[in-house]
1. Among (1) closer than 19 Å to residue 390 by Cβ; (2) touching a helix residue (DSSP H, G or I) at 6+ places or on another chain (Cβ under 7 Å), where does residue 434 come up short?
2. Taking region 320-362 only, how many residues are in contact with a helix residue (DSSP H, G or I) (Cβ under 7 Å, 6 or more places away or on another chain) and in contact (Cβ under 8 Å) with a residue 60 or more places away in the chain?
3. Please enumerate the residues belonging to region 76-89 that are part of a loop (DSSP other than H, G, I, E, B) and in contact with a helix residue (DSSP H, G or I) (Cβ under 8 Å, 6 or more places away or on another chain).
4. Those residues that are without any contact (Cβ under 8 Å) to a residue 60 or more places away in the chain and surrounded by fewer than 17 Cβ atoms within 10 Å (Cβ to Cβ), I need them from region 84-103; list them, please.
5. Of 396, 407, which residue is without any contact (Cβ under 8 Å) to a residue 40 or more places away in the chain, over 29 Å from residue 281 (Cα atoms) and not assigned by TED's automatic domain parsing to the domain that holds residue 179?
6. For residue 503, work out the one condition from (1) crowded, with 23+ Cβ neighbours inside 10 Å; (2) at pLDDT below 95 it doesn't fulfil.
């Protein structure tokens, strides 16, 4: 039944994004309503509500409370300090994610920190007790406010720069801040950061089927994998169709009319619009990542991808925890966070296995898991293949679905042929040229080292790529987006996009 529900859901998503069915009437609705709404609706800001004892009832009595008007957007900014007398201890600033709780999300965490740290917890503008002023709740604008907050409330020459701890959307925001204002932080801690990888990948993960269930027969698992592959195709194709949010994104008046009453939608849409491939990751402060191993919102793969692009990062998983580990596994989370705050990240050097002449092959799923060194690795009609810590000089895939993690594939001057297949790769490197024929790819934090071109399509190729780097004769730089190719190279497509992007963005303002 779950499989049927999932497939129907994904088909509905595809229909929702169908341009022929929706683009015309949505355009008419928005265009015809703008003038009328401007005449009859008051777009003034809400009055600043008074803070009551009920608002503060969940906070311990020894906390100090403040609400100030930040100068960037003239928005109220509510924040708490853990207790008086901690002013000479290292500063930790807690940034919440989406939801109505705001800073209250940290109430199970602050007691574990306040003995050794001067703790601040913020209600971001639009959330909690910081409601009252509408603007685009983007990582860029929130980062400007956090920068102002640190300059005015979180400076301590004796203990040094503060540490920023962000959860979910707050984790993505904290990563953006750390890359944009690298001199403001001593350390960064990301907790199940959401919204960093491409949203199509995120939607696919939300609806994943359980193909890890080894109690199923091999035949049933192959069938389940085929159904998942089909439904993933449906989701991926929506990336090329009409996006109903485009009108809202591109029109400031419509955006305000639509989102001024919904903080979560405002912040979530602004987060999805942010291109995290543009961040200056080499400048980010030492980073500890804490992740619920069973996170259904921001998959563990997101944590692996983020850690892979940062110069000094360490990833910690909390077993049996979901997207909010500080609530579901409070004791383990607090212990992990205290250790992360006290210690610098331990970066583990990737050690390649010693070369040998081993030949690896999978035919009809007779061998589904690979690790170690291979001179040649070939996958043919395999639906359940996983590569983990693999080095293969020669690599080819035909009619297969494969997940690749922490692997190095190909060699300088070699060609990697992928035909009629689906490939998901994370924190891996491809050398030489990857040639696709009627295949689909989902890359997160992947490095392409090539000669003339890194990625060439022979026919019908779909690519979802996040936080990845390409170094070829044609293109050098980060890649992040959704692409469809018939014949041609991804490298050239990225060059064209690079030329067009300044023209598109010159007419938009982040307000």
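The values are calculated or read from the model by the stated rules, or taken from the named source; none is laboratory data. Only a predicted model underlies this, so the values are computations on that prediction, with no experimental measurement involved. Cβ: placed from backbone, ideal geometry, glycine included. Neighbour counts: every protein chain shown.
1. Failed condition: (2).
2. Here is the first cut: in region 320-362, the ones in contact with a helix residue (DSSP H, G or I) (Cβ under 7 Å, 6 or more places away or on another chain) are 321-322, 325-326, 333-334, 338.
Subsequent filtering for residues that are in contact (Cβ under 8 Å) with a residue 60 or more places away in the chain retains 325-326, 333-334, 338.
The qualifying residues number 5.
3. Filtering region 76-89 for residues part of a loop (DSSP other than H, G, I, E, B) gives 82-89.
Of everything in region 76-89, just one residue is part of a loop (DSSP other than H, G, I, E, B) and in contact with a helix residue (DSSP H, G or I) (Cβ under 8 Å, 6 or more places away or on another chain), namely 82.
4. Applying the first criterion (without any contact (Cβ under 8 Å) to a residue 60 or more places away in the chain) to region 84-103 yields 84-86, 100-103.
Residues satisfying the conditions are 84, 85, 100.
5. Details: 407 fails: over 29 Å from residue 281 (Cα atoms).
Step by step, each of 396, 407 is checked, and only 396 is without any contact (Cβ under 8 Å) to a residue 40 or more places away in the chain, over 29 Å from residue 281 (Cα atoms) and not assigned by TED's automatic domain parsing to the domain that holds residue 179.
6. (1)
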